């Protein structure tokens, strides 16, 4: 399998954040790069909360008499 050659640069991270991320990777016996790659891969596969709200709206629209009330007061 060919390895992807894409690069992502994140500027302006506080050194304390980087230290915590390195410590997190170390506790799993992994490099920072490997741990962040897996974290980003996993996170990118998670559905967005907005997707779930849109799906709830779609289902409610097909169900007579159902009105969804959101915490922010929107419908």
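Taken together, the values in this text are just the output of simple stated rules run on the coordinates, not laboratory data. These numbers were taken from a predicted model, which means no experiment stands behind them. Because the Cβ atoms are built from the backbone with ideal geometry, glycine has one as well, and the counts that use them run over all protein chains shown.
What per residue convex hull volume, in Å³, comes out for the chain when only alpha-carbon positions are used?
195
If we count other beta carbons within 10 Å of each Cβ, what is the order of 31, 44, fewest first?
Placing the least packed residue first, the sequence is 44, 31.
For the Cα atoms of the chain, what angle does the longest principal axis make with the long axis of helix 15-27, in degrees from 0 to 90, nearest 10?
The helix 15-27 is inclined about 80 degrees to the chain.
For the chain, what does -39500 (n - 2.57) per DSSP helix run (n ≥ 4), summed and divided by total residues, give at 222 nm, in deg cm²/dmol to the nearest 500?
Roughly -16500 deg cm²/dmol at 222 nm, from the helical runs in the chain.
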